[in-house]
Amino acid sequence: MEIIVCDSPHDVAVQAADILQGYANEGGVLGVATGSTPLLTYQELIRRHKAGEVSFAGCTMFALDEYVGLPIEHEQSYYRVIHDEFSDHVDIDPADVHIPNGLADDVPAACAGYEQAIVDAGGIDVQLLGIGTNGHVGFNEPASSLSSLTRMKTLHPQTVVDNARFFNSVDEVPIHVVTQGLGTIQRAGQLVLIATGEHKAHAVAQLVEGPLSAACPASVLQIHPHATVIVDEAAASRLNNVDYYKFIQQNKPQ
Ligand code: F6R
């Protein structure tokens, strides 16, 4: 794992955008996340797109997850979030933006179809990830199989509470979701996990320095051959070896 500690959330977004930009300009397959953390990265990529620095014209996007039963017109459906916050502002063909279907009559079949669509696209080149306060990635909550594929999951009550800020009340947060599995995520060529804020410090410490364990689903990054963790100082504040990670960044082999 490469661990990059930044001075600010803005710098985290710039570092993540630098990585995604390279894949985008090659017409790559991009895995995109929702939640608050990636928004600055998307804003940075939209700014660079408008400045002519990055094109998404040949790209395909796959979102990580979606709520079950939330109409796609709902402003908190991840269909809407990806379109409103990112893809509608760049030059990707909307037909190439894929979101798991949380409204399918046959959810398992839709999940299998989603996996196949990723395979048919040639696999995800780079997957952007956030991390939940309980260590989830995508909506793979603690105890998720480390080799799971896209499927329906039940949210942890902590995640429901964490996500209530996007809804009028906690009762409106759907408790069922469809999410790429930890096995799906591991198939991506590069993983880029971003985290900011002190409230993520415990989860980041478990991810980077804890054991490989389904108790912290994000720890699966430890066995990925090309995983990059980009955090601000607050999110890095519980890392025992933070000085070493900074030392590595300052002394990269030429
Ligand atoms: C979103 C997702 C989640 C979030 C995580 C952190 O697609 O898969 O794992 O990345 O819940 O959310 P924020 O960034 O809102 O703290």
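The values are calculated or read from the model by the stated rules, or taken from the named source; none is laboratory data. Keep in mind the model is a prediction, meaning the values are calculated, not measured. When we count neighbours, we look across all protein chains shown, and the Cβ atoms used for this are built from the backbone with ideal geometry, even at glycine. With ligands, DNA and RNA removed, areas are computed over all heavy atoms of the protein, side chains included. Shrake-Rupley method; radii C 1.70, N 1.55, O 1.52, S 1.80 Å.
Sorted on the mean count of surrounding Cβ atoms within 10 Å across their residues, most packed first, peptides 167-174, 43-50, 132-139 read 132-139, 43-50, 167-174. What does the C-alpha gyration tensor say about the overall shape of segment 146-241? Classify as rounded when a/c is under 1.5, otherwise prolate if a/b is larger than b/c, or oblate. Taking the square roots of the gyration eigenvalues as a ≥ b ≥ c, segment 146-241 is oblate.
Amide H to amide H, with H built 1.01 Å from N, ILE230 comes under 5 Å of ILE4, LEU193, ILE194, ALA195, counting only residues 5 or more places away or on other chains. For GLY138, the residues 5 or more places off, or on other chains, whose built amide H falls under 5 Å of its own are GLY130. Net charge of the neighbourhood of LEU45, taken over other residues with C-beta under 12 Å away and scored Lys/Arg +1, Asp/Glu -1, is -2. Taking all protein chains as they are arranged and a probe of 1.4 Å, the heavy atoms of HIS156 leave approximately 80 Å² accessible to solvent.
What the phi angles of segment 147-160 give under the Karplus curve with 6.51, -1.76 and 1.60, with θ = phi - 60°, is a coupling list of 10, 5, 10, 4, 6, 7, 9, 9, 5, 6, x, 5, 5, 4 Hz, glycine and proline written as x. The value of relative contact order for the chain, using C-alpha pairs under 8 Å at least six residues apart, is 24 percent. Here the sum of -39500 (n - 2.57) over DSSP H runs of 4 or more residues, divided by the residues of the chain, equals -9000 deg cm²/dmol at 222 nm, to the nearest 500.
The phi torsions of segment 170-186, fed into the Karplus equation with coefficients 6.51, -1.76 and 1.60 and a -60° offset, translate into couplings of 4, 5, 7, 6, x, 9, 10, 9, 10, 9, 3, x, 5, x, 4, 4, 5 Hz, rounded to whole numbers, with Gly and Pro shown as x. Dividing the C-alpha radius of gyration of the chain by 2.2 N^0.38 Å, with N its residue count, gives 0.95. Placing unit charges on each Cβ (+1 for Lys and Arg, -1 for Asp and Glu) gives the chain a dipole about its Cα centre, and among ASN163, GLN116, ALA188 the Cα reaching farthest toward its positive end belongs to ALA188. Would you work out what percent of the accessible area of segment 125-254, with all protein chains in place, is carbon or sulfur (probe 1.4 Å)? The C+S portion of the solvent-accessible surface of segment 125-254 is 53 percent.
Treating only the Cβ atoms of Lys and Arg (+1) and Asp and Glu (-1) as charged, compute the dipole magnitude of segment 132-254 about its Cα centre; round to the nearest 20 debye.
Dipole about the Cα centre, nearest 20: 380 debye.
Taking a spot 7 Å from the Cα of ASP88 along the direction of its beta carbon, which residues of segment 36-63 have an amide N less than 16 Å from it? Residues 43, 46 fall inside that zone. Karplus-based coupling profile of segment 103-118, in residue order and whole Hz: 10, 5, 5, 10, 5, x, 5, 5, 5, 5, x, 5, 4, 5, 4, 5, with θ = phi - 60° in 6.51 cos²θ - 1.76 cosθ + 1.60 and x standing for Gly or Pro.
Mind running the shape call on segment 199-254? Use the C-alpha gyration tensor, a ≥ b ≥ c as the square roots of the eigenvalues: rounded below 1.5 for a/c, prolate if a/b tops b/c, oblate otherwise. In terms of gyration-tensor shape, oblate. Close amide-amide hydrogen proximity is noted between HIS98 and MET61, PHE62, ALA63, each under 5 Å apart and 5 or more residues distant or on a separate chain (H modeled in the peptide plane; Pro and chain starts excluded). Zone of HIS226 (label point 7 Å along Cα→Cβ, backbone N under 19 Å): which residues in segment 5-28? Residues 15-28 fall inside that zone. Per residue, the accessible area of the chain comes to 43 Å², computed with a 1.4 Å probe over protein heavy atoms only.
Solvent-accessible area assigned to carbon and sulfur over segment 1-103 amounts to 48 percent, based on a 1.4 Å probe.
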